[in-house]
Amino acid sequence: MGRILQQMRSDIRTVFENDPAARSRFEVIFTYSGLHAIWGHRVAHWFFKRKWYTVARTIAQVSRFMTGIEIHPGATIGQRLFIDHGMGVVIGETCEIGDDVVIYQGVTLGGTGKEKGKRHPTIGNNVVIASGAKVLGSFSIGDNTSIGANSVVLREVPGNCTVVGIPGRIVKQDGVRIDRLNHAQLPDPVVDMFRQLQGQIDKLEQEVQHLRSQTIETITNSLDEARSDGEANRDQDNGQPKVIDSQDKEIRTDQGSDKEDHTGFTQNRFKEERQDKTEDKNKGKDRDKDKGQVKGQDKDKDKNSKEAMRA
């Protein structure tokens, strides 16, 4: 019992050391929700270690309802923790918090997945976590470290550092400034992505231009070689005399005789056709004469027959 009272007195002194607005013990005991959440967690954690999980979670839920601060019964909390204001603070099951730590409203000490085992951060001693900061994952935050408001810390941070930004980056270590944060020149991931894409497009255009120049050069060389080969063959043909073999003469003679035979045959055929046409005309005339004679004889017979009848 004496140990519990001693612990409660230490927690009350911590409030006075970190909050200048604290005026009296009575005010601190009855109005500071951060102090109430810590006392409720100590009771819930006692049941949790003895595997009374349902009782422990029930106490934690009642404390959350009364204070707005959610601390899992499995979390381990060191000495002299101070939670200022506290609304929206979330502390995970496997989280470990050292001594003399200050946490402001809206802080999350959580995990990044559904893995089992250790999945929440380990906070060292004398650490200050400002409003709205998120520390997510199973890694350590070194002693004497300050985490800026609304920072998102996703990897381990050594001791004696100041971390700001999204994602959190170290701007001061061991009292030496590493990177000054300029709020007027914050990184823009969308612009960075477009710059990368533009760089890739420029690289592709250079490759296409290079391939195009190589293709044009290859075609030009091929045309030049073909032109030079044609000129060389032409010069070779002009420099050699033409030789006519006996076989060529025979072929040409045969071709000439064939032409003459064809011409004679055509003339004879034309003469025969003319003779046939002349004979046909003469035969037609003879037939016409015969027909005229037959008609005259018939007329004479008719006249004679008429005269005989008259007589």
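The values are calculated or read from the model by the stated rules, or taken from the named source; none is laboratory data. As the structure is a computational prediction, the values presented were derived from the model and not from experiment. No Cβ is skipped: glycine too gets one built from the backbone with ideal geometry, and neighbour counts run over all protein chains shown. Ligands, DNA and RNA are excluded from the accessible area calculation, which covers all protein heavy atoms including side chains. Shrake-Rupley method; radii C 1.70, N 1.55, O 1.52, S 1.80 Å.
For this structure, a couple of remarks:
- Using the Cβ-Cβ distance between Glu27 and Phe139 with R0 set to 41 Å, the FRET efficiency from 1/(1 + (r/R0)^6) comes to roughly 0.60.
- Estimated FRET transfer efficiency (Arg195, Tyr53; beta-carbon r; R0 45 Å; 0.05): 0.30
- Note that the range 155-163 has calculated 3J(HN,Hα) couplings of 9, 5, 10, x, x, 6, 10, 10, 10 Hz, one per residue in order, obtained from phi through the Karplus relation 6.51 cos²θ - 1.76 cosθ + 1.60 (θ = phi - 60°); glycine and proline are x.
- Ranking of Asp100, Asp276 by solvent-accessible surface, largest first: Asp276, Asp100 (1.4 Å probe, protein heavy atoms only, all chains present).
- Additional length obtainable on full extension of the chain from Arg155 to Gln209, 0.36 nm per residue less Cα span: 15.0 nm
- Anisotropy class of the range 77-161 from Cα gyration tensor, a/c 1.5 cut: rounded
- Taking each of Lys51/Lys114; Lys51/Lys134; Lys49/Lys172 in turn, the alpha-carbon distance tops 32 angstrom for Lys49/Lys172.
- In order through the range 190-197: 3J(HN,Hα) via Karplus (6.51 cos²θ - 1.76 cosθ + 1.60), integer Hz, x for Gly, Pro: 5, 4, 4, 5, 5, 5, 5, 4
- The residue among Asn18, Gln6, His36 whose Cα reaches farthest toward the positive pole of the charge dipole of the range 1-44, with charges on the beta-carbon of Lys, Arg, Asp and Glu, is Gln6.
- Near-label residues of the range 69-94 by backbone N, under 14 Å of a point 7 Å along Cα→Cβ of Lys118: 76, 94
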